[in-house]
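Below is one structure, written out as structure tokens; comments come after it.
The values are calculated or read from the model by the stated rules, or taken from the named source; none is laboratory data. Because the structure is predicted, anything quoted here is derived from the model rather than measured. Positions of Cβ are generated from backbone atoms using ideal geometry, with glycine treated the same way; all protein chains shown enter the neighbour counts. Accessible surface is based on the protein model in full, side chains and every heavy atom, while ligands, DNA and RNA are left aside. Shrake-Rupley method; radii C 1.70, N 1.55, O 1.52, S 1.80 Å.
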Amino acid sequence: MLLSATVFGQQFSITGKIYNQANQPIAYANIVLLKTQDSTFVTGTTSDDFGKFSTNEIASGSYILKVSFIGFENFSQQVLVENDIDLETIVLKESAESLSEIEITYKKPTFKKESDRLIFNVENTALSEGNILQVLRNTPSVLVLDSGINIKGSEPTVYINDRKVHLSSDELVQLLESSSANNIKSVEVITNPSARYDADSGIVLNIVMSKNLITGYRGSLFSNYTQGVFPRYNVGTSHFFKNTKINLNLNYNYTKDKINREGEEVVNFLDGNDAVEEIWKSDIDRNSWSETHNLNFNFDYFIDDNNTLSVSSSMLYLPYYKYRISNNTVITDENLSFMSRFDANSLSRNNKYNLGFDLDYVHLLKKGQLSFNAHFTTYDNEKFQNVFTDFFDQNNALDSSSLFNTNANQDSKIFTSKIDFSLPINETSNFEAGIKYSNIKTDSDITKFDIDINTGNEQIDILNSDVFDYDEKVFASYSNYSLNTERWSLSLGLRVEQTKIEGISISNNEVNSQDYLEWFPNASIQYDILDGFNLYANYKRSITRPNYTSLNPFQFFLNENTVVVGNPNLTPVFKDHYVIGTTLFKSFTIEAYYQNYDGKISELPRQDNNTNIISFTPVNLDKTIEFGFDFITYFNVTKDWSVYFVTSFYNIEEETNFGNGFVKQDQWSNYSVLQNDFTLLKDKSLNISLTAYWVGKNLQGLSISEDRLVSELSISKSILKKRGIISLTAADLFNMQDFDVSNRYLNQYNTRFINMDNRYITLGFRYKFGNTKLKTNERENYLEELDRLNESEH
């Protein structure tokens, strides 16, 4: 009797792996276990990112194991459980059934926190009906500021589908703002990238696009109208096609914008005793007009089960870009008595393109994978600027005028190639290695013409005209080892990069050469103490090389008293990043971090109190330290209402020596995000997302930025039998997104108020055709079986 009770009470496990016919793991496949005699539901699970699954606590007996995944034939197998069973590899065959019969209603959680990254899933949410920049504005820890995209005080390296985007900050914003988000699957904020990523990828922002999994065709047409200060328009189309040999994704967007930005700047010019001598107060109105064409595609050719060839491209073309700056500056003495004023009007026009192309080849080995990538970018920018200034005397009478033109041209070529090798050592560990070569060549010139207003004659300003040639070569190799067991996760990597840079200023006969070899280790470890309770720690060393624009010694005058100047003496920035954290109850994370920058590059507004000129120039700060504490939670209030909340308290300390004095500043700040997501109506066709994040007073580049509150409401509704989607987005609901910036150290005393065109309403419509029932390649949970189980319990 004791023996039979022991056998009867024993429980066992079933494990296995789910793969496709191309020997690739299938993540999020549904595994359901049913009783043989009556097909009643016993348990269920889903495969992980490596295709593995495990079901535990199964009593002995006869069962039917069913495996299903979108676009593949269902798999069914009878299993007799008398001990632990390892089914090894289950291969699913692609289904030829029509997608019009497939309906996916499961919607996975919006956020997923891992030890080295935060995954923000936006597919089939209200946010996906806007543009990509709007999605990033709502992505936790990501700040979209006037100067570009910022994460924890650093500019991230942006990847799309793990391919690096070779664009400047302004061009990246233009690309993302003109690109529809309806093809985004998720945004990954990778705070500890592995050695596979470039060493200058201190923090990676990877935008993951959806893939077409099923044989067939689907497409969409969309249009958006935005009303800010001025109206903006965006139209586009997306197409997806796949059969047994090819997979094609094609997206095109056209955007027509007029963006307004107003500001107020006050510069207190000081005398030799650092007392205020003159106050220059400027009211500045900026307007930009642009027409942007954005085309990207990805073409995969499946040569056979083990070989795939891919060609992809991302192309940005701006045939029309106009930028106008109207500056009215009033000059007073320290007692605010009027002294003089001037009106400066600048008008510039650009014609530019940025065309990027990738060629990929992937070969599946008997054990492991070998991949090759070659990338080429060609960039061309032609800019013409006209600046006219009227100067008025102390009686407010016209005293004199000036006029100058500037022609600036840039032609850049970027070429990279890399080989990556991945080898599964066993079921729990993996080894990666690779090599990479990259080369950036840029030829640029600037010519400034002073114009006689009376005669119209032009004269070249030789001192402010130049030719600059830039050549950068980087040779890199890396290796990375990862281990994933039931309790432990470990990743160790090392990357080595040899950098050679040469910049030549023709007019100044100045050559800037840099040649250095650096090592970049990274490590990540996590221990799962209990289910839903873990501890983890990360470390990474990275580099930020000064870009071409920063090294370029050109002086580009916005008006007679404001100039943007490069710095050929910049050196690379090295950063050490440490993180320790814990996750509790699967939904609450506490994290502490420390970042140490050696020579962080910041563009500073430097006032010359002798010439009354403001120069915006990049400099290396001697020391920058940032440390803080993050508290993150995500939970479901109800089955239709989820909440994400994060608050971060951090301190930034900056110090440097300008030669005329030592500067040291530090500032505590708070960054908090609260996001609510709702899925409403019986058919789940109404999605609402409400996001607000608070950016407290903070320090960046010796400048103090004041508090601001960013807010956005996004609503989407499916119509026309789910073939159409209408969307509405409202931004800056509380009109608290504009902010003040101040500089007060040594002989620097100036402030700015930034009023951006960020309060707007967007109305959009998207119509889907073809196999419209395909929504996502994510897991379709075993909700129906659970519902049946719950019904049987009542």
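Here are some notes:
- Subset of region 319-346 (residues that are assigned to a strand (DSSP E or B) and either without any contact (Cβ under 8 Å) to a residue 40 or more places away in the chain or in contact with a helix residue (DSSP H, G or I) (Cβ under 7 Å, 6 or more places away or on another chain) (or both)): PRO319, TYR320, TYR321, LYS322, TYR323, ARG324
- Counting only residues that are outside any strand (DSSP E or B) and open to solvent by 30 Å² or more (accessible area, probe 1.4 Å), region 359-386 holds 3 of them.
- Flag for ASN396 being surrounded by 14 or more Cβ atoms within 10 Å (Cβ to Cβ) and either within 30 Å of ASP300 (Cα to Cα) or touching a residue at least 40 places away in the same chain (Cβ under 8 Å) (or both): no
- Neighbours by Cβ (under 8 Å, 6+ apart or cross-chain): first from region 406-420, touching a residue at least 12 places away in the same chain (Cβ under 8 Å); second outside any strand (DSSP E or B): ALA408/PHE554; SER412/TYR548; ILE414/HIS166; ASP420/ARG196
- Of residues in region 699-748 being of a type outside the set (Lys, Arg), over 23 Å from THR679 (Cα atoms) and over 28 Å from the mean Cα position of the chain (by Cα), the one surrounded by the most Cβ atoms within 10 Å (Cβ to Cβ): GLN748
- Complete set of residues in region 83-101 that are among the acidic types (Asp, Glu), open to solvent by 70 Å² or more (accessible area, probe 1.4 Å) and either at pLDDT 85 or above or assigned to a strand (DSSP E or B) (or both): ASP84, ASP86, GLU88
- Residue in region 474-488 that is exposed (fewer than 14 other Cβ atoms within 10 Å of the Cβ), at pLDDT below 95 and assigned to a strand (DSSP E or B) present: yes
- Inside region 574-617, residues that are out of contact with any Pro (no Cβ under 8 Å at 6 or more places or on another chain) and in a strand (DSSP E or B) make up a count of 28.
Let's see how each residue does on (1) more than 22 Å from SER340 (Cα to Cα); (2) of a type in the set (Lys, Arg):
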position: ARG232; (1), (2): yes, yes
position: PHE241; (1), (2): yes, no
position: THR244; (1), (2): yes, no
position: TYR252; (1), (2): yes, no
position: LYS258; (1), (2): yes, yes
position: VAL266; (1), (2): no, no
position: GLU278; (1), (2): no, no
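So that you can scan it fast, the table gives a plain yes or no per residue for (1) surrounded by 15 or more Cβ atoms within 10 Å (Cβ to Cβ); (2) aliphatic (A, V, I, L, M); (3) out of contact with any Leu (no Cβ under 6 Å at 6 or more places or on another chain):
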{"site": "ASN636", "(1), (2), (3)": "no, no, yes"}
{"site": "TRP641", "(1), (2), (3)": "no, no, yes"}
{"site": "SER648", "(1), (2), (3)": "yes, no, yes"}
{"site": "ILE652", "(1), (2), (3)": "yes, yes, no"}
{"site": "THR656", "(1), (2), (3)": "yes, no, no"}
{"site": "ASP666", "(1), (2), (3)": "no, no, yes"}
{"site": "VAL673", "(1), (2), (3)": "yes, yes, yes"}
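- Within region 568-608, the set of residues being in contact (Cβ under 8 Å) with a residue 40 or more places away in the chain, open to solvent by 30 Å² or more (accessible area, probe 1.4 Å) and over 27 Å from LEU118 (Cβ atoms) comprises ASN569, THR571, GLU603, ARG606.
- Hey, PRO553 more than 30 Å from THR389 (Cα to Cα), in contact (Cβ under 8 Å) with a residue 60 or more places away in the chain and in contact with a Ser or Thr (Cβ under 7 Å, 6 or more places away or on another chain) or not: no
- Checking ASN660 against (1) modelled with pLDDT under 95; (2) polar (S, T, N, Q); (3) assigned to a strand (DSSP E or B), the condition it does not meet: (3)
- Residue, nearest to ASN612 (Cα to Cα), within region 333-349, restricted to residues that are buried (at least 16 other Cβ atoms within 10 Å of the Cβ) and charged (D, E, K, R): ARG341
- Comparison of VAL266, VAL229 shows that the only residue that is in a strand (DSSP E or B) and surrounded by fewer than 20 Cβ atoms within 10 Å (Cβ to Cβ) is VAL266.
- Residue that is most open to solvent (accessible area, probe 1.4 Å) [pool: residues in region 304-332 that are polar (S, T, N, Q) and under 19 Å from TYR379 (Cα atoms)]: SER314
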